[in-house]
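A.B. asks: The structure under discussion is supplied below as C-alpha cells; questions concerning it will follow.
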Amino acid sequence: MNILGIETSCDETSASVVRNGTRILSNVVATQFEFHERYAGVVPEIASRRHSEVINYVIEEALEEAGTGFEGIDAVAVSSHPGLIGSLLVGLIAAKTIAASLAIPLIGINHIEAHLYSVHFDNDPVYPLIALIISGGHTLLLRSESIGGYEILGSTLDDAAGEAFDKVAKHLGLGYPGGPAIEETAKKGDENAFFFPIVTLAGDKSKNHPDRYNFSYSGLKNAVINQSERFKTPGARSTACDIAASFQKAATDVLLIKAKRAVKDLGIRRVAVAGGVANNSRVRRLFMNETEFESYFPARGLTQDNAAMVAGLAYHKHGLGERSDLDLQPRSRLENIVKGKRNTHGK
Amino acid sequence: MILCVETATNAFGLSLFDGRDYHDVETVYKTAYSQNVVAEAKALLERMEKSFTDVTEAYADIGPGSFTGIRIGVCFVNTLHQTCGVPLIGVSSLDLLAFEAGRWYNPVVAFIRSRKNEVYAAFYKEERRVTEYLALRKDEFERFIKTVRPAVLVSPEEDFTQTCIDTALLSDVEVCFSHPKSRTGVELVRRHKMIPQPDYLKPLYVRNI
C-alpha cells in the first residue's frame, strides 16, 4: 500500500510516498531557511506564502521520484495539528483535494505522533517507551504505549529547545537555523569555559513537583545573551566558540536529566528521541552512551519536519480503520492522546 | 462544467456553470469558511450527479484580499489541475467588483479593505482596468479618488466607503456595496475571453509583508 504524505506544519514543505509504512520511495523537503534568516525565526505569513508557492511542485517531485504517479497512490495523509494554522491549511487543502478528486482515503495526522514514528524507519522500537520530541517548535517528554498513542509528561514552559538555539545563534551572529550553526561553532570551543545554568525546575527528589518533567529555556537563553560574563569560569577565554559550546552543554544536559528521571520513575528503559534537535551530535552522543536505557534515533535525514514520517504513521492509522472527513480542520494546539481519549494539553 | 471559487473576502462563494445554467452554493458570510471549499465543491457536484472529473475549467479569485482565503482557493484549484488536468484561470477580486458595477456605471473605483487601515484599489473605465492594483493608506486613497473622480465606488466595505466619500467631498459619487462573486467570475472570463494559463495560479499580493 502506497501512501502519499504531506507536511506543512511550520516552515518545511514536504511530500513523500511510503510503501507499507516502512519503505520510503521518496521524501522531498523544500526548506525556507533563506526566507526566515533575517528574522532569525519563522514568520508565519512568509511560511504560508512559500508553502502555497511550492506545494504542488513538491508533490509532483515526490510522485515522480517514487515512480508511482497519482495512479499508484492508495491514500493521502497530512499533518493537521499542531502547527501554524496558515501553514497547515495549505497542506490540508492540497490533501483534501487529492482525496476528493481521486476518491481515495484522507488521513489526518498528529505532527508529534509522526515525529515519534520517524524512529521506526531505522529501528524496531519496543513499547512502552519514553519519547523526547525536541525541535524549534516543541520540547516534549512523552510516555507512549503504542504507535499513535502518547501521554504528555512534560513540555517547555517558555522557549522550545530549538528556538533557544536559534536565538543564541542570532545573538552570536552565527546565522539561521541556529542548531547546526551552534553545533559547528561549538566544535572549536571549550564547553567548560562558562557554567551556564542547567534549568531543571524541580530537584530529583521532588517526586510530586508539577514541573518535574517540564523544561525552561528562557533563563538559559537570557543568561547567554545578557549575562555571559557573569557565568564565565575563572581564567577561561571568552569567545563565541566557548559560549556556543557552553550553551550547547547546558541546553542538552537537561534533556538527558529529564529523560533519565522519567525512565527511573516509570520503570521504562527505552527512550526515543526525535525532532530537529535530535540531529545534534552532542544529544546523540549523550543518549547513545547512556547505559540506564536503550535509545532510538531517526536517521539524520528524518529528524527535521518531513512527510515520510506522516505517510509512515498513516499506514498504521489506516490499518486501524482511521479515516478523516473533508471537514478536517487544522489545529494549532497539542492534545494528550491516551487510549483513544483526547485532552487538550494545558500549556 | 466550469467551476469558480470565491475566497478573497469573508463572503465565500462557489459556482458551477454547465454551459447553460449556474448552480451555486449559497454565499456564506463567515470568516474562515473558505476552509470548507473542498467539501462544498464535492457536495455541489454530487447534487448534480457529477464528480471532479467532470470539471473542464476552474477559476479562482487570486486577490487582492484575505491572504489566507486566497491561498485556500488557489491551492484548491491548483491541486485540481494537478490531479485532473483541469485548465485554470485566475481572476482578480477588484476586477470582479468593477466588472459587476461597471455594467451600469463608468468610471469605477473598486476597493477592498486591507489590514492596517489600508485598502487595495484599482480604477476602471469601460470595463478595463487603467491603473495598477494599489495598496493605499486612507489619506492616499482619498487623494486617489479625488484625482480619478469615479462615478461609482464599489466595495464590500460599506462603512469605510461612506467615510472616504465624506472626507473626499465627492458627493456625486454613487456607492455600490458589493462583494466579489463566484458567478461573476465565470461571466468575466467569458466576456473578456480570458484563456487558461499553462501553469499553476499564483496569489496576487499587492503589498509585501
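A.B. asks: In segment A:199-215, is there at least one residue being within 30 Å of residue A:235 (Cβ to Cβ) and open to solvent by less than 10 Å² (accessible area, probe 1.4 Å)?
C.D. replies: no
A.B. asks: Yes or no: residue A:239 assigned by TED's automatic domain parsing to the domain that holds residue A:160, closer than 23 Å to residue A:284 by Cβ and either touching a residue at least 24 places away in the same chain (Cβ under 8 Å) or open to solvent by less than 60 Å² (accessible area, probe 1.4 Å) (or both)?
C.D. replies: Numbers: assigned by TED's automatic domain parsing to the domain that holds residue A:160: yes; closer than 23 Å to residue A:284 by Cβ: no; either touching a residue at least 24 places away in the same chain (Cβ under 8 Å) or open to solvent by less than 60 Å² (accessible area, probe 1.4 Å) (or both): yes.
Criteria not met by residue A:239.
A.B. asks: In segment B:25-60, what residues are within 14 Å of chain A (Cβ to nearest Cβ), touching a residue at least 40 places away in the same chain (Cβ under 8 Å) and among the charged types (D, E, K, R)?
C.D. replies: B:50, B:54
A.B. asks: I've got another one for you. Among the residues of segment A:180-202, are any within 30 Å of residue A:314 (Cα to Cα) and touching a Gly at 6+ places or on another chain (Cβ under 7 Å)?
C.D. replies: No.
A.B. asks: While we're here: I'd like the full set of residues that are among the hydrophobic types (A, V, I, L, M, F, W, C) and either under 16 Å from residue A:280 (Cβ atoms) or touching a strand residue (DSSP E or B) at 6+ places or on another chain (Cβ under 7 Å) (or both), limited to segment A:123-156.
C.D. replies: Applying the first criterion (among the hydrophobic types (A, V, I, L, M, F, W, C)) to segment A:123-156 yields A:126, A:129-134, A:140-142, A:147, A:152-153.
A:126, A:129, A:130, A:131, A:132, A:133, A:134, A:140, A:141, A:142, A:152, A:153 - these are the residues of segment A:123-156 that are among the hydrophobic types (A, V, I, L, M, F, W, C) and either under 16 Å from residue A:280 (Cβ atoms) or touching a strand residue (DSSP E or B) at 6+ places or on another chain (Cβ under 7 Å) (or both).
A.B. asks: Oh, and also: Based on this model, can you work out whether residue A:145 counts as more than 17 Å from residue A:308 (Cβ to Cβ), of a type in the set (Asp, Glu) and within 12 Å of chain B (Cβ to nearest Cβ)?
C.D. replies: On the way: more than 17 Å from residue A:308 (Cβ to Cβ): yes; of a type in the set (Asp, Glu): yes; within 12 Å of chain B (Cβ to nearest Cβ): no.
No, not satisfied.
A.B. asks: Condition first: of a type in the set (Ser, Thr, Tyr) and within 12 Å of chain B (Cβ to nearest Cβ). Now tell me which residues in segment A:29-67 satisfy that.
C.D. replies: Of the residues in segment A:29-67, the ones of a type in the set (Ser, Thr, Tyr) are A:31, A:39, A:48, A:52, A:57.
Selection gives A:39, A:48, A:52, A:57.
A.B. asks: While we're looking at this one, here's another question. If a residue counts only when it is touching a helix residue (DSSP H, G or I) at 6+ places or on another chain (Cβ under 8 Å) and either more than 28 Å from residue A:264 (Cβ to Cβ) or open to solvent by 10 Å² or more (accessible area, probe 1.4 Å) (or both), which strands (runs of 3 or more DSSP E) contained entirely in segment A:67-145 have at least 3 such residues?
C.D. replies: In segment A:67-145, the matching strands (runs of 3 or more DSSP E) lie at A:75-81, A:106-110.
A.B. asks: Sort out which residues of segment B:16-47 are at pLDDT 95 or above and among the hydrophobic types (A, V, I, L, M, F, W, C), and write them in order of number.
C.D. replies: B:16, B:17, B:37, B:38, B:39, B:41, B:43, B:44, B:45, listed by residue number.
A.B. asks: Still on this structure: How many residues are farther than 21 Å from residue A:312 by Cα, in a loop (DSSP other than H, G, I, E, B) and open to solvent by 10 Å² or more (accessible area, probe 1.4 Å) when one looks only at segment A:146-163? Let's see the steps before the verdict.
C.D. replies: Looking only at segment A:146-163, we keep the residues that are farther than 21 Å from residue A:312 by Cα, and these are A:152-163.
Adding the requirement that they be in a loop (DSSP other than H, G, I, E, B) leaves A:157-160.
Adding the requirement that they be open to solvent by 10 Å² or more (accessible area, probe 1.4 Å) leaves A:157-159.
Residues that pass the stated criteria total 3.
A.B. asks: Being within 14 Å of chain A (Cβ to nearest Cβ) and among the hydroxyl-bearing types (Ser, Thr, Tyr) narrows it down to one residue among B:68, B:131; which is it?
C.D. replies: Numbers: B:131 fails: within 14 Å of chain A (Cβ to nearest Cβ).
Going through B:68, B:131 in turn, the sole match is B:68.
A.B. asks: Any residue at all in segment B:3-24 that is at the interface with chain A (Cβ under 10 Å from one of its Cβ atoms), open to solvent by less than 20 Å² (accessible area, probe 1.4 Å) and of a type in the set (Phe, Trp, Tyr)?
C.D. replies: no
A.B. asks: Going residue by residue through segment A:261-273, is there one that turns out to be outside any loop (DSSP other than H, G, I, E, B), among the basic types (Lys, Arg), touching a helix residue (DSSP H, G or I) at 6+ places or on another chain (Cβ under 9 Å) and surrounded by 14 or more Cβ atoms within 10 Å (Cβ to Cβ)? Can you show your working first?
C.D. replies: Just the residues of segment A:261-273 that are outside any loop (DSSP other than H, G, I, E, B), to begin with: A:261-266, A:270-273.
Adding the requirement that they be among the basic types (Lys, Arg) leaves A:261, A:264, A:270.
Right, trim to touching a helix residue (DSSP H, G or I) at 6+ places or on another chain (Cβ under 9 Å) and you get A:270.
Adding the requirement that they be surrounded by 14 or more Cβ atoms within 10 Å (Cβ to Cβ) leaves A:270.
Checked segment A:261-273: at least one residue is outside any loop (DSSP other than H, G, I, E, B), among the basic types (Lys, Arg), touching a helix residue (DSSP H, G or I) at 6+ places or on another chain (Cβ under 9 Å) and surrounded by 14 or more Cβ atoms within 10 Å (Cβ to Cβ).
A.B. asks: So, of the residues in segment A:52-87 that are polar (S, T, N, Q) and out of contact with any His (no Cβ under 9 Å at 6 or more places or on another chain), which turns out to be farthest from residue A:10 (Cα to Cα)?
C.D. replies: Step one: list which residues in segment A:52-87 are polar (S, T, N, Q), which gives A:52, A:56, A:68, A:79-80, A:87.
Checking which are out of contact with any His (no Cβ under 9 Å at 6 or more places or on another chain) leaves us with A:52, A:68.
Numbers: A:52: 12, A:68: 27 Å.
Applying the filter and picking the extreme gives A:68.
A.B. asks: Something else: Could you list all residues from segment B:42-71 that are hydroxyl-bearing (Ser, Thr, Tyr) and buried (at least 24 other Cβ atoms within 10 Å of the Cβ)?
C.D. replies: Kept after step one, since they are hydroxyl-bearing (Ser, Thr, Tyr), are these residues of segment B:42-71: B:51, B:53, B:56, B:59, B:66, B:68.
Within segment B:42-71, just B:59 meets the criteria.
A.B. asks: Of B:110, B:151, which residue is buried (at least 19 other Cβ atoms within 10 Å of the Cβ) and either away from chain A (no Cβ under 14 Å) or at pLDDT 85 or above (or both)?
C.D. replies: On the way: B:151 fails: buried (at least 19 other Cβ atoms within 10 Å of the Cβ).
Checking each option against the conditions leaves just B:110.
A.B. asks: Go through A:26, A:14 for me and flag whichever is without any contact (Cβ under 8 Å) to a residue 60 or more places away in the chain, open to solvent by less than 60 Å² (accessible area, probe 1.4 Å) and under 21 Å from the mean Cα position of the chain (by Cα).
C.D. replies: On the way: A:14 fails: without any contact (Cβ under 8 Å) to a residue 60 or more places away in the chain.
From the options A:26, A:14, the qualifying one is A:26.
A.B. asks: Checking the structure you have, find out if any residue of segment B:72-91 is in a helix (DSSP H, G or I), within 10 Å of chain A (Cβ to nearest Cβ), open to solvent by 30 Å² or more (accessible area, probe 1.4 Å) and not polar (S, T, N, Q).
C.D. replies: yes
A.B. asks: Being within 17 Å of residue B:63 (Cα to Cα), of a type in the set (Phe, Trp, Tyr) and free of Cβ contacts under 8 Å to residues at least 40 places away in the same chain is the filter here; which residues of segment B:121-146 pass it?
C.D. replies: B:123, B:124
A.B. asks: Take the residues in segment A:296-340 that are of a type in the set (Gly, Ala, Ser) and open to solvent by 20 Å² or more (accessible area, probe 1.4 Å), then tell me which one is modelled with the lowest pLDDT. Walk me through how you get there before you give the answer.
C.D. replies: Filtering segment A:296-340 for residues of a type in the set (Gly, Ala, Ser) gives A:299, A:301, A:307-308, A:311-312, A:314, A:319, A:321, A:324, A:332, A:340.
Filter again for open to solvent by 20 Å² or more (accessible area, probe 1.4 Å), leaving A:299, A:301, A:319, A:321, A:324, A:332, A:340.
Details: A:299: 97, A:301: 94, A:319: 96, A:321: 96, A:324: 98, A:332: 88, A:340: 46.
Step by step, filter segment A:296-340, then rank; the result is A:340.
The values are calculated or read from the model by the stated rules, or taken from the named source; none is laboratory data. None of the values given here were measured: they were computed from a predicted structure. We place every Cβ from the backbone using ideal geometry, glycine too, and count neighbours over all the protein chains shown. Surface accessibility is based on the protein's heavy atoms, side chains included, excluding ligands, DNA and RNA. Shrake-Rupley method; radii C 1.70, N 1.55, O 1.52, S 1.80 Å.
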